[in-house]
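> I have a structure here, written as structure tokens, and I will follow up with some questions on it.
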Amino acid sequence: MEGAYRREAGGGILSEGNTSMAMMEIHKIINANLTVVPVEGEGAGCLEHQLRLWENSSTTQNFWLLFGGTSASMAVSLPPTLGLSSAPDEIQHPHRKFSEWKFKLFRVRSFEKAPEEAQTEKKDSSEEKPSLEQSPAVLDKPGGQKPVPIQPAVRVHPKFSKKSCGDGKAREKAIHQANLRRFCRICGSFLKMDEHNRRYPVHGPVDAKTQGLLRKKEKRATSWPDLIARVFRIDVRADVDSIHPTEFCRNCWSIMYRKFSGVPCEAYFPRNAVIEWHPHTPSCDICHAARRGLKRKRHPSDVQLSRKLKTVLDRSRQARQRKRRVQARISSKEVMEKITNCSMIHLSTKLLAVDFPAHFVKSISCQICKHILADPVETSCKHVFCRICILRCLKVMGSYCPSCRYPCFPTDLETPVKSFLSILNSLLVKCPAKECNEEVSLEKYNHHVSSHKETKETLVHINKGGRPRQHLLSLTRRAQKHRLRELKLQVKAFADKEEGGDVKSVCLTLFLLALRARNEHRQADELEALMQGRGSDLQPAVCLAIRVNTFLSCSQYHKMYRTVKAITGRQIFQPLHALRNAEKVLLPGYYPFEWQPPLKNVSSSTGVGIIDGLSGLSSSVDDYPVDTIAKRFRYDAALVSALMDMEEDILEGMRSQDLDDYLPGPFTVVVKESCDGMGDVSEKHGSGPAVPEKAVRFSFTVMKITIACGSQNIKVFEEAKPNSELCCKPLCLMLADESDHETLTAILSPLIAEREAMKSSELMLEMGGILRMFKFIFRGTGYDEKLVREVEGLEASGSVYICTLCDATRLEASQNLVFHSITRSHAENLERYEVWRSNPYHESVEELRDRVKGVSAKPFIETVPSIDALHCDIGNAAEFYKIFQLEIGEVYKHPNASKEERKRWQATLDKHLRKKMNLKPIMRMNGNFARKLMTKETVEAVCELIPSEERHKALRELMDLYLKMKPVWRSSCPAKECPESLCQYSFNSQRFAELLSTKFKYRYEGKITNYFHKTLAHVPEIIERDGSIGAWASEGNESGNKLFRRFRKMNARQSKCYEMEDVLKHHWLYTSKYLQKFMNAHNALKNSGFTVSSKATPGDPLGIEASLESQDSMEF
């Protein structure tokens, strides 16, 4: 303390000498009985409010104390009888604890006061309750007299007066900031309106529930500022705590959550404009609203009476709210009808020719104007309106749906599904003309109305003289030109006068300003980039098609993306994360579906992507393939993805057959299954022994889709190229040997179990907005002979039992080359395996083998007895290659030739064929060599090495017969492609068999090859049963072998497990018909003569400016 201060009321002086003694006494009294707090109120920082005179009497001692400190422990509170409440924490100045010494007021009550006086003083204080902010200090008179206010006379040091004024301003700012915390940053409403007091920080990370939703929807935003900017278009990153609130309410959180979840909600944004926040001023609305909201505390009233009053008030309040809500709904409907005012341009539901039910009429009428829908659009909450009505309501009433008040913007409007539009356009309406009583469909109403030129009552869809009937974007180009003719002339006149005739720049600028005004900044940025010459980028699906079809790895594509962007300054290609998002729509596990009845032993979840090939198999020590790597899709999810990929083809096929788009089915889908080993797929790196790494692929092809219409099945889709690798979709990839029966059984058993479960169930899938029903027929025909013997449990191809279709032995087949029938089946093979396993008749090995006809293992995949056309052609070509060698060596004369002589014959044949036919020798017969070998030119070249003319004639006839029979089993539809060869097949096969048994008896006496037997004996029966052999062959799966190697090289990784996943994923995308359309358009553009311009300008270094302009005219 510096100096001494005079206390006029008490008459005493608190001098410099007795300061310490007085302080000690005061602290004793405070610690014994009382608490001390700083004064609360607007003037708490001013010295006049802090310095008060205290009461002084014979029984009480009152002191004025000037006390300060920086520690929080020195803040103590007064008793509640003094009428002084402690200040809330949020209005305390942030630097209060670390400020300089300040004056504070303390009231000290002595223990020497008499009990009667204490009670009297307590009553007076409870009745009056004077606050320190509202009245000056008073002196309590003994005996219950009314206290007399006394005006203090205090001399204040100038230093303390300046500090107190500055502290008062800081206190006002702190109070303003505390009041800001009561409001929502987004909508400006009070946060206390939520009964659970739920609030969220504006600048913090999102909560767990929202984070889970964003991860599910694959959104990248992780903080509230990003979500607020995306939903409400409010930038909160530059907020200041002294100006803007730091939290937002539960209602705004619900809007953001429902916006990303896509579920309708009753929460709506209460304002159309963005709330503006301003700094604190003396006339601040926020602070005045907070002051007006403060109320004095009252005495607690009677409990029973208060409950009755509360019940009455609640009921009356609810009644008023209910009445107000009904009135608001009625008034809003009237306002919307006045806004639209479309009675002269929209058709009334009274004009419907058929008396439909009320709910159907409501579904085809606009929810705003109650007329028949005209140019209908659908909101994100699935409500349908006329386009012109909803656009006007959104502009006037606010950005929410008029039916459910869900947030809705003009950019969210979409066209309904085609099936709904077809039903709407097929409705019959009455012509409103008086003289006309015709009933026409809504689609043809416009044409019909044009015949009534003099009738004024007729409504026209496009009213040329007044308000437009349809929205501008839904019109044809010619109608758009007609409607905008006057505006076009005005813009052209302005451009000629102000911009030198640049109409394009004027129109683009107008469009850009319109987008900016509607806060559609993303589209505005794209348009601005186009105006500045940077151009628009390609769609992610186009970039994905380019990457998959050109076999670019991630690093190669990213390098191309960065190079093009750096050179041209334009983002033509999409980044990799955009491609990954586009992949998810095309891969299995994206679309929801349902099976009726549910599949047995198969999960009902639909979001299943790539899974382990051994999932669904119970692992055991004996038969579990530990070292095998297998990746696959779940069979039902893969079929759903394939059907959705062909959605446009299916609907187009229904329209081509004059069927309605909304037919639910049932559809019958015929699926061809293929499985084949790919041989050694190991990568040869470095030196050392080559370790073989064999792989197997299981795939399927959707061959045909029919729909039941009445008593007949109408075909709506048929695969045009069933043997192409583009339609053979991979289902399972495994690094295993196809000859390993145990491993193959373990991996394919879960997949076969899923197929068997789907045979007895029906798929319910939403396609084109309609829930449709699909049934599946599986035909396992795409297996070569080696794999058929493996999965059906038969002996190897060198067995005595030569055929997989009949029970004939090799000797029986050589004696009877033509007359055999198909006798084997999967069920019969299972029965024979049980006989082989149990030996119920106790026979010897030879007798038991003859009984089961070569079945020696358990069949685990059902196959359709058929011929693999590709391997049949290759096997027959290998046999002809052997016949050519034997004819060169004249084995018909000298049957006992040595091994060296036979090698010399082969070398002679290879050298001659390379010279004449340009056929290079190969170690193993393949399809390309077989096609070139089986020609008449090859026979003529071989005849040059054979001296006998008789053998020439036999060879030519043998080759001629074979070339006549070959199209029958190679063509996809022999009845259409080669009907003459099909009719002559029986005669040609018998003549071919006769030549083998006579002219070439030296080779086919007592023996015959497997493929010659199938070609001569079983082709006509299979053609009669299936209609084709070549269409059901495994050639598509064989063509995919090279794709496996290319995709494996493209996705080379350290882990083979992840490598197999990438290979399976990209192989599936390669077969997507959706991506193939982009590549077909690209190939058509390239074949039409489009090339990159070699004359590159400085602004367009790659010369792709013209390519993008021409690309805009194409419909990818």
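The values are calculated or read from the model by the stated rules, or taken from the named source; none is laboratory data. All values derive from a computational prediction rather than experimental measurement. A quick note on method: Cβ atoms are made from the backbone with ideal geometry, for glycine too, and the neighbour counts reach across all protein chains shown. Each accessible area value is taken on the protein alone, full model and side chains, heavy atoms only, with ligands, DNA and RNA left out. Shrake-Rupley method; radii C 1.70, N 1.55, O 1.52, S 1.80 Å.
> Out of the stretch 654-673, which residues are within 19 Å of I423 (Cα to Cα), touching a strand residue (DSSP E or B) at 6+ places or on another chain (Cβ under 6 Å) and in contact (Cβ under 8 Å) with a residue 60 or more places away in the chain?
Step one: filter the stretch 654-673 for residues within 19 Å of I423 (Cα to Cα), giving 654-665.
If we keep only those that are touching a strand residue (DSSP E or B) at 6+ places or on another chain (Cβ under 6 Å) too, we end up with 654, 657, 662, 664-665.
M654, Y662, P664, G665 - these are the residues of the stretch 654-673 that are within 19 Å of I423 (Cα to Cα), touching a strand residue (DSSP E or B) at 6+ places or on another chain (Cβ under 6 Å) and in contact (Cβ under 8 Å) with a residue 60 or more places away in the chain.
> Additional query: F778 is checked against (1) closer than 17 Å to R632 by Cβ; (2) buried (at least 22 other Cβ atoms within 10 Å of the Cβ); (3) not hydroxyl-bearing (S, T, Y) and fails just one. What number does that condition carry?
(2)
> Tally up the residues in the stretch 996-1017 that are surrounded by fewer than 22 Cβ atoms within 10 Å (Cβ to Cβ) and more than 17 Å from A877 (Cα to Cα), please.
Residues that pass the stated criteria total 8.
> Which one of S825, S821, S866, S838 is surrounded by fewer than 18 Cβ atoms within 10 Å (Cβ to Cβ) and closer than 20 Å to S1034 by Cα?
Of S825, S821, S866, S838, the one residue that is surrounded by fewer than 18 Cβ atoms within 10 Å (Cβ to Cβ) and closer than 20 Å to S1034 by Cα is S825.
Listed here are the residues, each with its yes/no results for (1) touching a strand residue (DSSP E or B) at 6+ places or on another chain (Cβ under 9 Å); (2) closer than 25 Å to K882 by Cα.
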position	(1), (2)
E980	no, no
S989	no, yes
Y1002	no, yes
A1017	no, yes
I1023	no, no
D1026	yes, no
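> Can you say whether D658 is of a type outside the set (K, R), at pLDDT below 85, open to solvent by 30 Å² or more (accessible area, probe 1.4 Å) and out of contact with any His (no Cβ under 9 Å at 6 or more places or on another chain), as far as the supplied structure shows?
Considered against the rule, which asks whether it is of a type outside the set (K, R), at pLDDT below 85, open to solvent by 30 Å² or more (accessible area, probe 1.4 Å) and out of contact with any His (no Cβ under 9 Å at 6 or more places or on another chain), D658 comes out as no.
> Assess whether R485 counts as being surrounded by fewer than 14 Cβ atoms within 10 Å (Cβ to Cβ) and either modelled with pLDDT under 75 or touching a Pro at 6+ places or on another chain (Cβ under 9 Å) (or both). Outline the logic, then answer.
Working: surrounded by fewer than 14 Cβ atoms within 10 Å (Cβ to Cβ): yes; either modelled with pLDDT under 75 or touching a Pro at 6+ places or on another chain (Cβ under 9 Å) (or both): no.
Against the criterion (surrounded by fewer than 14 Cβ atoms within 10 Å (Cβ to Cβ) and either modelled with pLDDT under 75 or touching a Pro at 6+ places or on another chain (Cβ under 9 Å) (or both)), R485 does not qualify.
> I would also like to ask the following. Which members of the stretch 555-576 meet the condition of being open to solvent by 30 Å² or more (accessible area, probe 1.4 Å), in contact (Cβ under 8 Å) with a residue 24 or more places away in the chain and not aliphatic (A, V, I, L, M)?
G569, Q571, F573
> All but one of (1) at pLDDT 80 or above; (2) part of a loop (DSSP other than H, G, I, E, B); (3) surrounded by 15 or more Cβ atoms within 10 Å (Cβ to Cβ) hold for I345; which doesn't?
Only one criterion is unmet by I345, namely (1).
> Considering only the stretch 1041-1049, I want to know if a residue exists there that is outside any helix (DSSP H, G or I) and open to solvent by 30 Å² or more (accessible area, probe 1.4 Å). Spell out how you get there, then give the answer.
We begin by selecting, within the stretch 1041-1049, every residue outside any helix (DSSP H, G or I); these are none.
So far as the stretch 1041-1049 goes, no, none of its residues is outside any helix (DSSP H, G or I) and open to solvent by 30 Å² or more (accessible area, probe 1.4 Å).
> Go through V384, V377 for me and flag whichever is crowded, with 20+ Cβ neighbours inside 10 Å and either touching a residue at least 40 places away in the same chain (Cβ under 8 Å) or under 28 Å from the mean Cα position of the chain (by Cα) (or both).
From the options V384, V377, the qualifying one is V377.
> Since R478 meets every condition but one in (1) modelled with pLDDT under 85; (2) basic (K, R); (3) surrounded by 12 or more Cβ atoms within 10 Å (Cβ to Cβ), which condition does it not meet?
(3)
> Additional query: Residue check: is I883 of a type in the set (V, I, T) and modelled with pLDDT of 90 or more?
Yes, satisfied.
> When you go through L510, L530 one by one, which is the residue that is open to solvent by 60 Å² or more (accessible area, probe 1.4 Å), over 22 Å from K1065 (Cα atoms) and at pLDDT 85 or above?
Exactly one residue qualifies, and that residue is L510.
> Hey, which of the helices (runs of 4 or more DSSP H) in the stretch 887-962, taking only ones fully inside, have at least 1 residues that are open to solvent by less than 30 Å² (accessible area, probe 1.4 Å) and more than 25 Å from T998 (Cα to Cα)?
899-916, 927-933
> Could you please let me know if H741 is over 30 Å from the mean Cα position of the chain (by Cα), at pLDDT 85 or above and either surrounded by fewer than 19 Cβ atoms within 10 Å (Cβ to Cβ) or of a type in the set (V, I, T) (or both)?
So H741 does not fit the description; no.
> Further question: Please go through (1) over 18 Å from S261 (Cβ atoms); (2) part of a helix (DSSP H, G or I); (3) touching a helix residue (DSSP H, G or I) at 6+ places or on another chain (Cβ under 9 Å) for R237 and return the number of the only condition it doesn't satisfy.
Only one criterion is unmet by R237, namely (2).
> Filter the stretch 400-433 for residues that are polar (S, T, N, Q) and open to solvent by 50 Å² or more (accessible area, probe 1.4 Å); which is modelled with the lowest pLDDT?
By that ranking, first place goes to T411.
> Related question: Scan the stretch 856-871 residue by residue and report those that are under 18 Å from F1012 (Cβ atoms) and in contact with a Ser or Thr (Cβ under 6 Å, 6 or more places away or on another chain).
S866, D868
> Which numbered condition in (1) open to solvent by 60 Å² or more (accessible area, probe 1.4 Å); (2) free of Cβ contacts under 8 Å to residues at least 40 places away in the same chain; (3) out of contact with any Leu (no Cβ under 8 Å at 6 or more places or on another chain) is the only one that L848 fails?
(1)
> Taking the stretch 206-222, which residues are modelled with pLDDT of 85 or more and not in a helix (DSSP H, G or I)?
Scanning the stretch 206-222 gives V206, D207.
> Wholly within the stretch 739-841, which helices (runs of 4 or more DSSP H) include no fewer than the required count, namely at least 3 residues that are in contact (Cβ under 8 Å) with a residue 40 or more places away in the chain?
It comes to 741-759, 785-791, 810-815.
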